[in-house]
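Chemist: Would you mind keeping the following structure in view while I ask a few things?
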Amino acid sequence: MKVVTRFAPSPTGYIHIGNVRSAIYPYLLARQNDGKMILRIEDTDRGRFVEGATELIEDTLEWLGLEWDEGPIVGGPHAPYFQSERKALYHEWARKLISLGRAYADSTPPEIIEGYRKECNEKKIPFLYRNFRPENPPEWEPGIPLRFKAEPKNYDWIDEVMGEMHTGPEVLDDIILIKKDGYPTYNFAHIVDDAEMGVTHVMRGVEYLSSTPNYLAIYEALGLSRPKLVSLPHILAPQGNKKLGKRDGAKSVTEYRADGVLPETMLNYLACLGWNDGTEQEIYTKQELVDKFSLNRIQNSGARYDETKLLWLNGQWIRKIFNEQGARALYDRTLEFWPQPAMAYSEDYRISVLAIIYDRLKSLSDLRTMTTYFFEDPKIDLDMLTKNKFLQKMSESELEDLLKLSITRLSSLKTWSAESLQDCLNSLLAESNKKPAELFSLIRIALSFAPFSPALNLTLDVLGREASLARLNAVARAI
């Protein structure tokens, strides 16, 4: 059996963490089995449709490297891949159910249905529409809702994550298949599309588990083979007490991308959010995920979202790209993230800055705040010197003398390089009889007036002789 999976998002707004994970697992399974993944846009809820959302979905998948084999843009034998364009097909399948006596038109007004619901609430019994099924339904035509005619019974099935499942007849109901506007509901459309497209594995959130018996009833009524059903556990809020939502601080994938989170990081993190291969490995390439993924290693409980872990992992990927592919490869990812003054400097200079600061980055957007002093003279803030925990016991005259000594020794260097600068700094330690934290903190702050900077000899080397000495002299004068 050729493995065919699908990702079927609704274009109703931004694409969030849960959406993306629901695309990653089908992709990995398809690639691992030399199968194919279909992208299908479930846009039949026209009231929630958001202009541009489909393009955002496509762009996000491309950014993550999750290429699809059939769907929008690439086409395929099962086009169209927008449900809104497949209305005639759903009506054709609906008529099959009508001819089998398993669907009926229902023109009951909403207010009467609400009355049935209220009646059940007052009697403290579950509301099941099949108990209020109209006796003489009209002939169905588009413009009248179409309902499935349930035949209550037990259902047993295997969920690839949740295991053996069983439900009784009390969960089966006459669900709507075709809405008044002629568009199908999700409950019907996805079954038709999966059958038409030969989907073998249906992966979706665990919230659909309670609806599965109704889906099984429709498969059975239409004589369709069940695909393998894979329920993905919820992604939980950081506290672990509820499903992750907008109010829990998680941003959209687009926002993380704009903040400088790498696609490799996002793919790696989300794939491991609810799955592991049983080892201690934390950093996975896409190919490693394809090779190691398995349905039986998806956990059946919720996975807690941890942005701190995401950013840690992003830092690891920044280092990995730099160390394995080189400074140039990482630099090419940073073009949107430099502070504005950096644009006046050469590309080679920016790469030299990146080469000494990359291992401090958690996201590429950190470049905006961590590198400004390489591109413009910082504002002198003497409080940073006098209140520094390593310098606060020194008088202003001591600070001035120590700076002047440093300027003198650095000025005398014939070669301005990281190695000669380190030798000079080591000699200064011995001559000044100061601790490294004292001497180096003074010079570092005077150069950058930033909370942190890379190794001092590297900072001096990249800034260059002229800029470094000019800044040190300016601070000495200010003191």
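Chemist: Taking the condition of being out of contact with any Leu (no Cβ under 8 Å at 6 or more places or on another chain), free of Cβ contacts under 8 Å to residues at least 24 places away in the same chain and under 18 Å from K435 (Cα atoms), how many residues in the range 398-425 meet it?
Modeler: 3
Chemist: Enumerate the pairs (first residue in the range 104-118 and without any contact (Cβ under 8 Å) to a residue 60 or more places away in the chain; second residue anywhere and aromatic (F, W, Y)) with beta-carbon separation below 6 Å, excluding pairs fewer than 6 apart on the same chain, so at least 6 apart or on different chains.
Modeler: From the range 104-118, the pairs are A105/W140; Y116/F132; R117/F127.
Chemist: More than 23 Å from G464 (Cα to Cα) and surrounded by fewer than 12 Cβ atoms within 10 Å (Cβ to Cβ): does that describe K286? Steps first, please.
Modeler: Values: more than 23 Å from G464 (Cα to Cα): yes; surrounded by fewer than 12 Cβ atoms within 10 Å (Cβ to Cβ): no.
In short, no.
Chemist: Any idea which residue in the range 412-457 is surrounded by the most Cβ atoms within 10 Å (Cβ to Cβ), counting only those that are in a loop (DSSP other than H, G, I, E, B) and of a type in the set (D, E, K, R)? I'd like the intermediate steps shown before the answer.
Modeler: Narrowing the range 412-457 to residues in a loop (DSSP other than H, G, I, E, B): 412-417, 433-435, 449-455.
Imposing the further condition that a residue be of a type in the set (D, E, K, R) reduces the set to 414, 434-435.
On the way: K414: 5, K434: 19, K435: 11.
The qualifying residue surrounded by the most Cβ atoms within 10 Å (Cβ to Cβ) is K434.
Chemist: Output yes when any residue across the range 152-166 is more than 18 Å from E92 (Cβ to Cβ), among the aliphatic types (A, V, I, L, M), assigned to a strand (DSSP E or B) and not assigned by TED's automatic domain parsing to the domain that holds L295, and no when none is.
Modeler: As a first pass, look at the range 152-166 and keep what is more than 18 Å from E92 (Cβ to Cβ): 152-166.
With among the aliphatic types (A, V, I, L, M) added as a condition, the list becomes 158, 161-162, 165.
Still in the running and assigned to a strand (DSSP E or B): 158, 165.
Then drop every residue that is not not assigned by TED's automatic domain parsing to the domain that holds L295, which leaves 158, 165.
Scanning the range 152-166, I find at least one residue that is more than 18 Å from E92 (Cβ to Cβ), among the aliphatic types (A, V, I, L, M), assigned to a strand (DSSP E or B) and not assigned by TED's automatic domain parsing to the domain that holds L295, so the answer is yes.
Chemist: I'd like the full set of residues that are in contact with a strand residue (DSSP E or B) (Cβ under 7 Å, 6 or more places away or on another chain) and either more than 15 Å from I15 (Cβ to Cβ) or of a type in the set (K, R) (or both), limited to the range 55-70.
Modeler: D69, E70 - these are the residues of the range 55-70 that are in contact with a strand residue (DSSP E or B) (Cβ under 7 Å, 6 or more places away or on another chain) and either more than 15 Å from I15 (Cβ to Cβ) or of a type in the set (K, R) (or both).
Chemist: Restricting attention to the range 301-314, does a residue exist that is among the polar types (S, T, N, Q), touching a helix residue (DSSP H, G or I) at 6+ places or on another chain (Cβ under 6 Å), within 25 Å of A30 (Cα to Cα) and part of a helix (DSSP H, G or I)? I'd like the intermediate steps shown before the answer.
Modeler: So in the range 301-314, the residues among the polar types (S, T, N, Q) come out as 301, 308, 314.
The next check asks that each one be touching a helix residue (DSSP H, G or I) at 6+ places or on another chain (Cβ under 6 Å); those that pass are 314.
Pick out the ones that are also within 25 Å of A30 (Cα to Cα) and you get none.
No, the range 301-314 has no match at all.
Chemist: In this structure, does Y215 turn out to be closer than 30 Å to L335 by Cα, at pLDDT 95 or above and hydroxyl-bearing (S, T, Y)?
Modeler: On the way: closer than 30 Å to L335 by Cα: no; at pLDDT 95 or above: yes; hydroxyl-bearing (S, T, Y): yes.
When the stated conditions are applied, Y215 does not pass them.
Chemist: Also, I was wondering about something else. Could you please find all residues in the range 75-112 being in a loop (DSSP other than H, G, I, E, B) and within 15 Å of M197 (Cα to Cα)? It would help to see each step written out before you state the result.
Modeler: From the range 75-112, those in a loop (DSSP other than H, G, I, E, B) are 76-81, 86, 100-102, 106-109; that's our starting set.
Result: G76, P77, H78, A79, P80, Y81, R86.
Chemist: Residue under question is D259, and the condition is that it be closer than 17 Å to I24 by Cβ and acidic (D, E); does it hold? Even if it seems obvious, please write down each step before you answer.
Modeler: Numbers: closer than 17 Å to I24 by Cβ: no; acidic (D, E): yes.
Taking the combined requirement at face value, the residue does not satisfy it.
Chemist: Still on this structure: Given the structure, is T386 within 16 Å of S453 (Cα to Cα), surrounded by 12 or more Cβ atoms within 10 Å (Cβ to Cβ) and polar (S, T, N, Q)?
Modeler: Details: within 16 Å of S453 (Cα to Cα): no; surrounded by 12 or more Cβ atoms within 10 Å (Cβ to Cβ): yes; polar (S, T, N, Q): yes.
For T386, the condition - within 16 Å of S453 (Cα to Cα), surrounded by 12 or more Cβ atoms within 10 Å (Cβ to Cβ) and polar (S, T, N, Q) - is not met.
Chemist: Is there a residue in the range 274-296 that is within 30 Å of P152 (Cβ to Cβ), free of Cβ contacts under 8 Å to residues at least 60 places away in the same chain and more than 18 Å from the chain's Cα centre (by Cα)? Lay out the reasoning, then the answer.
Modeler: Step one: of the range 274-296, the residues within 30 Å of P152 (Cβ to Cβ) are none.
Within the range 274-296, none of the residues are within 30 Å of P152 (Cβ to Cβ), free of Cβ contacts under 8 Å to residues at least 60 places away in the same chain and more than 18 Å from the chain's Cα centre (by Cα).
Chemist: If you check S22 against the conditions, is it in a loop (DSSP other than H, G, I, E, B) and among the small types (G, A, S)? Steps first, answer last, please.
Modeler: Values: in a loop (DSSP other than H, G, I, E, B): no; among the small types (G, A, S): yes.
No, not satisfied.
Chemist: Here's a follow-up. Go through the range 35-54 and give me each residue that's out of contact with any strand residue (DSSP E or B) (no Cβ under 8 Å at 6 or more places or on another chain), among the small types (G, A, S) and either under 25 Å from L89 (Cβ atoms) or not assigned by TED's automatic domain parsing to the domain that holds L262 (or both). Talk me through it step by step, then tell me what you get.
Modeler: From the range 35-54, those out of contact with any strand residue (DSSP E or B) (no Cβ under 8 Å at 6 or more places or on another chain) are 42, 45-53; that's our starting set.
Add one more test, that the residue is among the small types (G, A, S), and what stays is 47, 52-53.
Answer for the range 35-54, where residues must be out of contact with any strand residue (DSSP E or B) (no Cβ under 8 Å at 6 or more places or on another chain), among the small types (G, A, S) and either under 25 Å from L89 (Cβ atoms) or not assigned by TED's automatic domain parsing to the domain that holds L262 (or both): G47, A53.
Chemist: Okay, next question. Only one of (1) within 30 Å of M162 (Cα to Cα); (2) without any contact (Cβ under 8 Å) to a residue 60 or more places away in the chain; (3) surrounded by 13 or more Cβ atoms within 10 Å (Cβ to Cβ) is not met by T308, so which one is it?
Modeler: Condition not satisfied by T308: (3).
Chemist: Does F390 satisfy being farther than 18 Å from V261 by Cα, free of Cβ contacts under 8 Å to residues at least 60 places away in the same chain and among the hydrophobic types (A, V, I, L, M, F, W, C)?
Modeler: Numbers: farther than 18 Å from V261 by Cα: yes; free of Cβ contacts under 8 Å to residues at least 60 places away in the same chain: yes; among the hydrophobic types (A, V, I, L, M, F, W, C): yes.
Against the criterion (farther than 18 Å from V261 by Cα, free of Cβ contacts under 8 Å to residues at least 60 places away in the same chain and among the hydrophobic types (A, V, I, L, M, F, W, C)), F390 qualifies.
Chemist: Here's something else I'd like to know. What is the one condition in (1) at pLDDT 95 or above; (2) within 26 Å of L216 (Cα to Cα); (3) not assigned by TED's automatic domain parsing to the domain that holds R133 that V74 does not satisfy?
Modeler: (2)
Chemist: Hand me the list of helices (runs of 4 or more DSSP H) wholly inside the range 183-283 holding 3 or more residues that are over 25 Å from A53 (Cα atoms). It would help to see each step written out before you state the result.
Modeler: Values: elements: 186-197, 212-222, 253-258, 263-271.
In the range 183-283, 212-222 are the helices (runs of 4 or more DSSP H) which contain 3 or more residues that are over 25 Å from A53 (Cα atoms).
Chemist: Oh, and also: Can you name the residue in the range 462-479 that is touching a residue at least 12 places away in the same chain (Cβ under 8 Å) and of a type in the set (K, R) and is also farthest from Y349 (Cα to Cα) among such residues?
Modeler: R471
Chemist: Being at positive phi and surrounded by fewer than 18 Cβ atoms within 10 Å (Cβ to Cβ) is the filter here; which residues of the range 46-96 pass it?
Modeler: First, pick out the residues of the range 46-96 that are at positive phi: 52, 65, 71, 73, 75-76.
Once the filter is applied, which keeps residues that are at positive phi and surrounded by fewer than 18 Cβ atoms within 10 Å (Cβ to Cβ), the range 46-96 yields G52, G65, I73, G75, G76.
The values are calculated or read from the model by the stated rules, or taken from the named source; none is laboratory data. Computed from a prediction, not measured in an experiment: that's the story for all the values here. All Cβ positions, glycine included, derive from the backbone under ideal geometry; neighbour counts span all protein chains shown.
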